[in-house]
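The values are calculated or read from the model by the stated rules, or taken from the named source; none is laboratory data. No experiment lies behind these values; they were computed from the predicted model shown. Positions of Cβ are generated from backbone atoms using ideal geometry, with glycine treated the same way; all protein chains shown enter the neighbour counts.
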Amino acid sequence: MNSSEINRRLRPTDIAIDDNKMWMSLAESNRFACVDLTTKEIEEVKVNAADFNTYNYASMEAYGDYIVFIPTHARSIAIYHKSKKEVLYKELRKPEENTGWHYNFRIKFHYSYKKDHLIFMMPYYYPAVVCMDMTDLSVRYIDDWIYRTENRINFNRFYGYVGAGCYESEDCLIVPLACFSALLKINFNTFETEVIDINIDSHGFSYMEMYGGYLWLQGKDNKYGHTFKYSLEKRTVEEISPVESRRGINNHFLPFESLFGDGKWIWMIPRTAEKIYRINPKTLEYDEYANQYKFPIGANTYHEPIVTYMTKKIGNKILMSSVDGYLYTLNPENGKLERKMFFMPEEIYKEESENKIQYSMQHGGIFSENSAGLEEYLNFVCTR
């Protein structure tokens with residue numbers, strides 16, 4: 001693979017499947033891509049003119065004729081109208097100046113959930129859960145729970161406000177908190193919130209999955225990634241021993257990104273671990289999944305070590321976007337792991353490379369080879 005092909009790899013931060021098309025928000029681009037699932041070709045790459053950064057959007061949702069892109073580095077929510085091929089931008093309010101609260105404009109949200117006409121945006125460094133009503137595109141900020149619990153949030157070891165994964169319970173949405181060991185319950189009708197405490201020695205959770213009548217929670221504040229089995233009905237919790245004795249578990253922060261139940265196993269998807277692991281939900285023992293690929297460790301836009309930009313379950317398959325540009329699909333039923341690489345069209349990549357270099361020069365930034373590639377940089381400079 002030559003340098004141009006390496007830099008033209010599409011690294012999705014999230015994926016939405018809609019009408020036999022796969023929409024992707026991209027890690028190192030201010031564009032988003034649409035892949036025709038029949039031909040496997042890039043059908044459309046759209047410029048995001050409102051923001052020129054990397055890692056603009058970390059999550060996305062399809063609703064009717066719209067694709068909604070949830071901002072990470074971007075300033076606004078982007079709402080793409082597929083028929084008109086137009087983008088509407090909905091700016092977020094600037095968080096209040098509150099001493100001690102964490103807000104980082106580079107990593108606002110990292111996960112979303114759609115319930116009928118409502119899209120919930122889960123914050124990392126934005127101090128509110130944001131809910132967009134797609135019937136009128138109105139936005140609601142749900143932050144009362146932060147005011148009630150701010151004295152419990154350890155801002156010196158802050159790992160985000162809310163984790164990923166969720167569970168619907170009657171008329172409420174339940175999500176894991178990442179800032180301390182608890183769950184957040186949001187009423188779909190009134191938007192009132194309740195904090196459900198989990199009395200364990202953990203700072204918070206990175207992911208949650210309902211499986212077999214239990215909430216499986218991935219701990220966020222330890223070296224080896226403790227996992228917890230929680231009964232919402234009985235309010236009891238069981239800690240599962242970590243896998244520090246296993247090969248492929250390193251000393252990086254947060255070895256596992258997420259976990260998914262499939263009928264036989266709880267699959268543990270790596271964030272910094274080199275391999276996939278799985279838990280037997282009956283015996284609570286770990287099993288190393290012997291896949292044929294080794295996941296390389298890279299870094300995200302805020303310099304944390306990662307193996308995957310994204311993990312997501314679509315249908316009966318688990319999708320993973322790795323830092324080396326592969327999109328992996330894991331079929332839990334047969335344990336088969338496959339991967340494919342998508343590339344940005346060459347003419348669009350060339351245009352974007354020049355735009356990135358110009359932007360960096362105008363704003364006094366340092367040129368990053370990950371953004372355009374040395375070959376593209378030299379071609380740009382030597383032909384001007």
| note | If you go through 285, 333, 304, the only one that is modelled with pLDDT under 80 and either in contact with a Gly (Cβ under 7 Å, 6 or more places away or on another chain) or under 25 Å from residue 240 (Cβ atoms) (or both) is 304
| message | What's the number of the only condition in (1) part of a strand (DSSP E or B); (2) at pLDDT below 90 that residue 101 fails to meet? | response | (1)
| query | Could you count how many residues in segment 266-282 are touching a Pro at 6+ places or on another chain (Cβ under 7 Å), part of a loop (DSSP other than H, G, I, E, B) and at pLDDT 80 or above? | reply | 1
| note | residue 107 passes all but one of the listed conditions (1) of a type outside the set (S, T, N, Q); (2) surrounded by 15 or more Cβ atoms within 10 Å (Cβ to Cβ); (3) farther than 20 Å from residue 207 by Cβ; (4) modelled with pLDDT under 95; the exception is number (3)
| message | Give me the residue from segment 139-167 that is modelled with pLDDT under 85 and among the hydrophobic types (A, V, I, L, M, F, W, C) and, out of that set, surrounded by the fewest Cβ atoms within 10 Å (Cβ to Cβ). | response | 155
| Looking at (1) part of a loop (DSSP other than H, G, I, E, B); (2) within 26 Å of residue 90 (Cβ to Cβ), which is the only condition residue 173 fails? | (1)
| Hey, does segment 252-262 have a residue that's more than 23 Å from the chain's Cα centre (by Cα), modelled with pLDDT of 80 or more and not in a strand (DSSP E or B)? | no
| query | Applying the selection to segment 24-39, what residues are of a type in the set (A, V, I, L, M, F, W, C), outside any loop (DSSP other than H, G, I, E, B) and over 17 Å from the mean Cα position of the chain (by Cα)? | reply | 34, 35
| Out of the residues in segment 19-43 that are surrounded by fewer than 17 Cβ atoms within 10 Å (Cβ to Cβ) and not β-branched (Val, Ile, Thr), which is modelled with the lowest pLDDT? | 43
| Which residues, taken from segment 213-249, are modelled with pLDDT under 90 and among the small types (Gly, Ala, Ser)? | 219, 225, 241, 245, 248
| task | Return only the number of the condition from (1) at pLDDT 85 or above; (2) surrounded by fewer than 22 Cβ atoms within 10 Å (Cβ to Cβ); (3) within 27 Å of residue 326 (Cα to Cα) that residue 76 does not satisfy. | result | (3)
